[in-house]
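A short worksheet on the structure shown next.
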Amino acid sequence: MEEITQANLILTNSLDKEILAQSKKGSQVIFFAEEGDGVKNKAHYSFRQLDIGESWARASSMNYVDTAWLGGLPIQPEIGWEFERLIPDYVIPFKDYKKVQTVNMFGNPLLSESVDIISGYFQGWLGQNGGSVIKQDMGEGSIITVTWKLVSHIEHNPIALLILNRLIEKMCGKTQGFKQ
């Protein structure tokens with residue numbers, strides 16, 4: 001654990017007590033949560049699984065991103081084909097919702113007011129909104145939670161690697177040359 005206690009930037013797919021403590025002490029954390037509720041240690045986050053494949057929910061929805069975070073990459077604010085295979089299966093819900101029309105699930109209702117929403121998902125016909133990339137201050141540090149499928153496609157999708165590099169640069173304060 002010497003590496004974690006000395007790190008300024010932590011990349012992880014598990015948000016346990018030790019990593020939260022490091023963030024509170026000033027470390028910047030990128031938490032890869034593309035498996036949503038399947039993530040063993042996810043701290044205080046809950047996730048909502050989106051419909052897989054074609055559905056009314058997907059047809060009436062849109063994914064969006066604050067492109068300033070991606071430093072001039074060829075990505076539009078309304079995410080399109082450039083995100084093929086990276087579109088998330090999970091979002092961090094900002095409201096409570098129903099699962100399978102009967103089970104009440106709890107979202108993160110105060111989260112949308114206390115985080116920077118970098119990317120999200122809006123399901124129009126139900127008015128459901130959730131984050132797919134959010135930045136939350138945690139003590140002296142901060143945590144970016146990412147549900148985009150970056151890790152599973154990093155080797156074969158150059159956009160995934162470029163996005164990861166931009167997030168790292170932004171978290172480390174190296175944004176020279178970024179379009180604002």
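The values are calculated or read from the model by the stated rules, or taken from the named source; none is laboratory data. None of these values were measured; they are calculated from a predicted model. Glycine also receives a Cβ, built like all others from the backbone with ideal geometry; neighbour counts cover every protein chain displayed. Ligands, DNA and RNA are excluded from the accessible area calculation, which covers all protein heavy atoms including side chains. Shrake-Rupley method; radii C 1.70, N 1.55, O 1.52, S 1.80 Å.
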Looking for something among the β-branched types (Val, Ile, Thr), at pLDDT below 75 and open to solvent by 80 Å² or more (accessible area, probe 1.4 Å) - is there at least one such residue anywhere in segment 95-108?
yes
Would you confirm whether any residue within segment 80-87 is in contact (Cβ under 8 Å) with a residue 60 or more places away in the chain and part of a helix (DSSP H, G or I)?
yes
Among (1) surrounded by 13 or more Cβ atoms within 10 Å (Cβ to Cβ); (2) of a type outside the set (A, V, I, L, M, F, W, C); (3) touching a residue at least 12 places away in the same chain (Cβ under 8 Å) - the single one Asp51 does not satisfy:
(3)
Anything in segment 54-66 that is touching a residue at least 40 places away in the same chain (Cβ under 8 Å) and either closer than 14 Å to Val133 by Cα or assigned to a loop (DSSP other than H, G, I, E, B) (or both)? List them, or say none.
Ser60, Asn63, Tyr64, Val65, Asp66
Per-region count, segment 12-53, residues out of contact with any Gly (no Cβ under 8 Å at 6 or more places or on another chain) and on the phi > 0 side of the Ramachandran plot:
3
Hits in segment 7-37 (condition: among the polar types (S, T, N, Q) and either under 16 Å from Lys170 (Cα atoms) or not in a loop (DSSP other than H, G, I, E, B) (or both))
Asn8, Thr12, Gln22, Ser23, Ser27, Gln28
Name the one entry in Ala33, Ala68, Ala57 that is touching a strand residue (DSSP E or B) at 6+ places or on another chain (Cβ under 6 Å) and modelled with pLDDT of 90 or more.
Ala33
Go through segment 57-89 and report how many residues are over 22 Å from Ser152 (Cβ atoms) and open to solvent by less than 20 Å² (accessible area, probe 1.4 Å).
2
Looking at segment 119-166 only, could you name the residues that are in a loop (DSSP other than H, G, I, E, B), free of Cβ contacts under 8 Å to residues at least 24 places away in the same chain and open to solvent by less than 60 Å² (accessible area, probe 1.4 Å)?
Gly127, Ile154
